[in-house]
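In what follows, a structure is listed as structure tokens, so that the remarks can point back to it.
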Amino acid sequence: GIQVEQSPPDLILQEGANSTLRCNFSDSVNNLQWFHQNPWGQLINLFYIPSGTKQNGRLSATTVATERYSLLYISSSQTTDSGVYFCAVGDLTQGGSEKLVFGKGTKLTVNP
Amino acid sequence: ETGVTQTPRHLVMGMTNKKSLKCEQHLGHNAMYWYKQSAKKPLELMFVYSLEERVENNSVPSRFSPECPNSSHLFLHLHTLQPEDSALYLCASSQVPSSFSYNEQFFGPGTRLTVL
């Protein structure tokens with residue numbers, strides 16, 4: 001099955017700093033999502049971005065499907081951005097449906 | 001209620017208990033999923049129901065039994081669990097054109113399960 005690697009595993013920032021999170025995947029994909037998991041476990045959808053570039057406020061994402069990677073940019077970070085960021089890609093299951101395959105995540109800590 | 005809801009949010013059970021987790025989606029989607037997130041493993045898929053039909057059982061032990069009575073509700077029935085089954089169980093939903101494709105998935109807040 002497809003492999004998803006995220007880097008860095010941990011990131012500590014001062015409030016106001018910018019950061020880039022990376023997601024590499026081992027095969028071509030038609031679907032890719034970025035999530036933020038808050039301290040209570042809730043997965044919050046950030047982007048559905050199988051290709052191209054999207055922006056939402058201080059966050060933006062770019063997926064280069066031909067080179068098998070995606071980047072999540074966080075600008076002017078705030079303490080509320082802390083949490084774990086997951087990249088997930090769609091992969092075919094044995095039953096023929098698609099499932100999300102998750103990376104191990106990047107744990108972001110933003111200090112005041 | 002909006003989005004995807006899950007109850008209970010926390011559950012503590014003994015190994016001989018029987019309990020059920022409930023998921024409800026208010027998004028009009030036609031596919032629902034159970035995922036497991038444990039401390040030592042990445043998030044992993046357990047079951048997929050698409051158009052109310054189970055289309056995937058990702059080698060999950062039989063002590064976990066899913067049920068999807070309609071496109072808005074999904075249950076996970078638990079019996080004789082082991083302490084290593086303690087984890088965060090997440091439900092998700094999406095709108096798929098057919099049983100063999102997927103679109104953006106939306107997740108519920110999860111049930112944090114502890115097995116004593």
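The values are calculated or read from the model by the stated rules, or taken from the named source; none is laboratory data. Because the structure is a prediction, the values reported are computed rather than measured. Positions of Cβ are backbone-derived with ideal geometry, glycine not excepted, and every protein chain shown enters the neighbour counts. The protein model used for the area step is the full one, side chains on, heavy atoms only, and it has no ligands, DNA or RNA in it. Shrake-Rupley method; radii C 1.70, N 1.55, O 1.52, S 1.80 Å.
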- prompt: Among A:LYS104/B:LYS40; A:LYS54/A:LYS99; A:LYS104/B:LYS22; B:LYS18/B:LYS41; A:LYS99/B:LYS40, which pairs are too far apart, with a Cα-Cα distance over 18 Å?
  reply: A:LYS54/A:LYS99; A:LYS104/B:LYS22; B:LYS18/B:LYS41; A:LYS99/B:LYS40
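What GluC sites (Glu not before Pro) in segment B:1-88 are in a loop by DSSP, with at most 16 other Cβ atoms within 10 Å of the Cβ?
Passing sites in segment B:1-88 are B:GLU1, B:GLU52.
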- prompt: What accessible area, in Å² to the nearest ten, does a 1.4 Å probe give for A:ASP10?
  reply: 100
Efficiency of FRET from Cβ geometry, A:SER76 and B:LYS40, R₀ 30 Å, rounded to 0.05: 0.30
- line: Given a Förster distance of 30 Å, the FRET efficiency implied by the Cβ-Cβ spacing of A:SER51 and A:LYS104, rounded to the nearest 0.05, works out to 0.80
query: So how strong a dipole does the protein assembly as shown carry about its Cα centre when Lys and Arg Cβ are +1 and Asp and Glu Cβ are -1, to the nearest 20 debye?
result: 460
field: Disulfide-incompatible cysteines by the Cβ rule (no partner under 4.7 Å) in chain B
entry: B:CYS68
- line: Shielding of B:23-35 by other chains, given as the mean Cβ count within 10 Å, works out to 1
task: Only Cα pairs under 8 Å and at least 6 apart count here; give the relative contact order of chain B as a rounded whole percent.
output: 36
message: For the pair B:SER59/B:GLU84, report the inter-label distance in nm, with labels modelled 7 Å from Cα in the Cβ direction.
response: 1.3
- request: Excluding residues on the same chain fewer than 8 positions from A:LYS107, give the aspartates and glutamates whose Cα lies under 14 Å from its Cα.
  value: A:GLU5, A:ASP10, A:ASP81
message: Show me the trypsin sites (Lys or Arg not before Pro) within segment B:1-68 that DSSP assigns to loop and that have at most 11 other Cβ atoms within 10 Å of their Cβ.
response: B:LYS40
task: Would you pull out the residues with amide H under 5 Å of A:ASN38's amide H, same chain only if 5 or more places away, H placed 1.01 Å from N?
output: A:ILE44
task: Just flag the chymotrypsin sites (Phe, Trp or Tyr not before Pro) in segment B:1-108 sitting in loop per DSSP whose Cβ has no more than 14 other Cβ atoms within 10 Å.
output: B:PHE100
